[in-house]
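Student: What follows is a structure written as structure tokens; I'll ask about it next.
The values are calculated or read from the model by the stated rules, or taken from the named source; none is laboratory data. Just so it is clear, the structure is predicted and the values come from calculations on it, not from any experiment. FYI the Cβ positions are ideal-geometry reconstructions off the backbone, even for glycines, and counts take in every protein chain you see. Protein only, heavy atoms only, side chains kept; ligands, DNA and RNA dropped before computing areas. Shrake-Rupley method; radii C 1.70, N 1.55, O 1.52, S 1.80 Å.
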Amino acid sequence: PGDRRPVRYPEPALAARAARVLRDNDTGAVITAAPRLYPHMWSWDAAFISIGLARLDVQRAISELQTLFRAQWRNGMVPHIVFTENDAYFPGPDRWGTEVAHDGPQHVRTSGICQPPVHAIAVQRVLEIGRRSSPADRADAERFVRDIWPSLYAWHRWLVEYRTPGSSGLIAIVHGWESGMDNSPRWDLPYAAVQPGTGLPPYVRKDVRIVGDPSERPSDREYDRYLWLIEEMRRAGYDQRKIVRNSSFLVGDVFITALFAVACDVLVELGKEFGQEPEEIADLQEWADNARAAVAGSCHSVSGLARDRDLRANRWLDTQTVAGFSALLCGGAPDEVQLKLLSLLDSDRWCGHPDLLAPVPPSVSPMRPGFNPRQYWRGPQWPVVVWLFSWAFERRGWHERARKLRDGGVKLTEDGSFGEYYEPFTGEPLGSTDQSWTAAVVLDWLC
Ligand code: 9WN
């Protein structure tokens, strides 16, 4: 069905616009995730943003990651939000109240949860780009990798130490926001068991005022649960052991586990090259193997799709979403499972759906009941997710597949609005526009 949008920018003009978005979203201290909706630094956004920035200014890309890691908690956790002074986003630092945390950073305010561990991937990408850029950038990027490696190791160690409860080997999340796919149907069952208590302090959402159509955002019912989980954590003083033991939501996240496996691989490569401690490199190797095995072990015997596990109810979650393709990101599943997944990904249930504007995976298959083409993580296409699959396929040597996803990602975003997510049939940008990570991955694709 061809592009139904009025404007299509040729690649050089698209790249110039993407660069402008990153410059405009720069407060001087951080690049905000989006100009109005997300006026702070988000953890996994910052990683993708640094990849795009490296195409413009390697030094600026490095400083973005350094800013994020300066907010790393003493126990190793990289927080999901590093707050700026802006108060246009809810929940802000007062609601999180992470000052009660024993392990929190002193000089900066952050949230009290984490997000997917894609940072090592970004660091390696910045290094690759820096090395090709100039001798000065090469030297800076190499020094940066050497300096940040121990912090990345500590972050990965935190995930293993605190977030691998139970025998599935999957990395567990204690809030849907940690997955980065906030209201994905992946979390519907575990969230159904979260009962907001009477002690939930009242609150007013700010996101729905900024996004014109509130139905593109999670519902109020969902927000009550999001806020209740924060309340539980605040009351537990952000003590990870207590939270993992008692919180109403504990789910093994297969997508995070796959990203963790491959991020550990990347850290092993960097660690060997930059002469880091052999025992730490061996830890990372072992964590990568365990995570990969956990992803393979989650795959459904018939569909092959990888599954999350509800660790409170002790059951697999069979909801089919883009996270089901996690085993393709990190490898490790038997060949027949992998072939099944690849043919499913190509089929009319996913990228081959005849009505898609761009042949890239939507967050939920358009053929599934409950698919909603406009609602956040319940159907729209997300350029960063496309970037991750494209990057992983390239790394796995599947060049043709990687190229197709890259081309599809460019097609999706060539209207130049840098939407947060896109309606898969019309290509309408949804949520925020001028979203930094969308601009960043487009820059990486085009440069
Ligand atoms: C909550 C910033 C973030 C992304 C997430 C995306 C959305 C926040 C929100 O925006 O989440 O963390 O308020 O909806 O789901 O992946 O990191 O872009």
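Student: When residues of segment 379-409 are filtered for being in contact (Cβ under 8 Å) with a residue 60 or more places away in the chain and open to solvent by less than 10 Å² (accessible area, probe 1.4 Å), how many remain?
Tutor: Total meeting the criteria: 7.
Student: Also, quick follow-up: Being assigned to a loop (DSSP other than H, G, I, E, B) and either more than 16 Å from the ligand (Cβ to nearest atom) or at pLDDT below 95 (or both) is the filter here; which residues of segment 181-210 pass it?
Tutor: Result: Ala193, Val194, Gln195, Pro196, Gly197, Thr198, Gly199, Leu200, Pro201, Pro202.
Student: Separate question: In segment 341-365, which residue that is within 12 Å of Thr321 (Cβ to Cβ) and in contact with a Gly (Cβ under 8 Å, 6 or more places away or on another chain) is surrounded by the fewest Cβ atoms within 10 Å (Cβ to Cβ)?
Tutor: Ser363
Student: Then there's this: Enumerate the helices (runs of 4 or more DSSP H) found wholly within segment 1-103, keeping only those where 1 or more residues are open to solvent by 70 Å² or more (accessible area, probe 1.4 Å) and within 14 Å of the ligand (Cβ to nearest atom).
Tutor: In segment 1-103, there are no helices (runs of 4 or more DSSP H) which contain 1 or more residues that are open to solvent by 70 Å² or more (accessible area, probe 1.4 Å) and within 14 Å of the ligand (Cβ to nearest atom).
Student: Another question about this same structure. If you check Arg5 against the conditions, is it touching an Asp or Glu at 6+ places or on another chain (Cβ under 7 Å) and more than 30 Å from Trp73 (Cβ to Cβ)?
Tutor: yes
Student: Here is a further query. Quick one: which residue in Glu161, Glu178 is away from the ligand (no atom under 16 Å from the Cβ) and acidic (Asp, Glu)?
Tutor: Within the list Glu161, Glu178, the selection yields Glu161.
Student: Then there's this: Mind telling me which of the residues Asp434, Asp444 ends up being on the phi > 0 side of the Ramachandran plot and out of contact with any Ser or Thr (no Cβ under 7 Å at 6 or more places or on another chain)?
Tutor: Just a single option satisfies the conditions, and that option is Asp434.
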